[in-house]
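Just so it is clear, none of the values below were taken in a lab; they were calculated from the coordinates. Worth saying up front: this structure is predicted, and the values here are computed from it rather than measured. So basically every Cβ, Gly included, is an ideal-geometry build from the backbone, and we count neighbours across all protein chains shown.
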Amino acid sequence: MTSNKIMIAVLVLMLSFNFLLPLTVSYAAPLDNLAQTLTASTVSSSSSGSSGGGLINTIFSFLFDKILGPLLHLGSSSTTGSVPTTISPSGSSANPPSNVDSGGLKGKVIVVDPGHGGSNPGAVGNNVRESDINLAVALKLQDQLTQAGAKVIMTRSSDHTVAPEGSTLGQELAARVEQAESNHADLFISLHSNENSDNSIQGAMTFYNSAQSSPVALIVQNALISATGANDKGTSQANFYVIRSTSMPSILVEMGFVSNGQEAVKLNSSDYQNKIALGIRKGIVQYFSQK
Ligand SMILES: [Zn+2]
């Protein structure tokens with residue numbers, strides 16, 4: 001009996017609804033429009049040109065909220081407040097995700113070579129020294145690669161030359177190559193920062209010397225760009241001593257330009273350095289997974 005009363009009440013409601021409304025309203029509105037109507041019930045429709053729009057909206061809101069909404073399991077809250085938001089960890093996290101590609105570098109020996117150091121600061125611009133940036137990123141990369149299972153050897157871990165101070169540049173570079181050779185490294189990666197007299201130039205690029213190093217250069221460059229959003233200056237073949245004289249695959253990454261004001265600020269920030277390290281790690285893991 002109670003249900004009959006409800007049915008009658010609904011019929012009366014529907015009849016009065018039809019009576020109040022002209023026949024221009026379509027009942028076949030798609031569900032997403034319905035949902036929009038539900039969430040926008042307090043906002044008058046700008047597309048309604050009729051002077052009775054406010055009343056119609058009010059009646060609609062009532063019907064949808066009290067009858068159609070519950071029937072269709074549509075509530076205002078379901079389209080506005082309760083959509084779960086996934087917050088993905090950014091590369092800037094102090095604790096980078098260790099479960100991602102963890103172990104992907106197990107058994108690999110990787111030599112990380114922060115360019116310059118000690119009496120040789122490398123490029124200097126905008127109060128940023130290349131040797132400092134290179135070392136800061138290298139230490140973060142050491143953590144990243146170690147987490148991924150690699151055995152990491154640093155040519156330097158603090159602000160000093162690799163060969164004894166006062167050595168020639170040739171001796172300094174040879175000392176770096178010697179570490180890679182004597183440890184039978186699977187990969188040698190040298191980190192540098194760039195400069196140019198045109199201070200509008202910015203971006204990252206990766207160099208290789210031999211054909212065997214071309215694939216890893218490309219993969220690391222792409223991963224670095226996608227992690228940092230830096231201007232992609234691509235990969236190039238080059239004759240730099242450290243990548244020419246190492247027998248294993250070896251690359252030299254120019255992470256950005258200290259001569260560019262914007263990029264110098266980024267390179268000097270721990271947040272951006274983390275992104276660089278994470279990007280390079282991803283590239284290296286991808287490279288070894290494809291070998
Ligand atoms: Zn350099």
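Only aspartates and glutamates eight or more places from LYS291 in sequence, or on another chain, were considered; those with a Cα closer than 20 Å are ASP101, ASP186. Per the Debye calculation on the stretch 125-177 with a single equal scatterer at every Cα and no solvent contribution, log₁₀ I(q)/I(0) for q = 0.17 Å⁻¹ amounts to -0.65.
Just so you know, the Cα atoms of the stretch 134-277 work out to an Rg and Dmax of 14.8, 41 Å.
Each label was represented as a point 7 Å from its Cα along the Cα-to-Cβ direction; for SER210 and HIS184 these points are 1.7 nm apart.
Maximal additional length on extending the LEU169-SER200 stretch stands at 8.2 nm, based on 0.36 nm per residue less the C-alpha distance.
Put in order of Cβ neighbour count within 10 Å, fewest first, the listed residues PHE257, PHE240 become PHE240, PHE257.
The 3J(HN,Hα) values that the Karplus relation (6.51, -1.76, 1.60; θ = phi - 60°) gives for the stretch 109-117 are, in residue order, 9, 10, 9, 9, 10, x, x, 6, x Hz. Gly and Pro appear as x.
On the beta carbon distance between SER157 and ASN231, with R0 = 35 Å, the FRET formula returns roughly 0.70.
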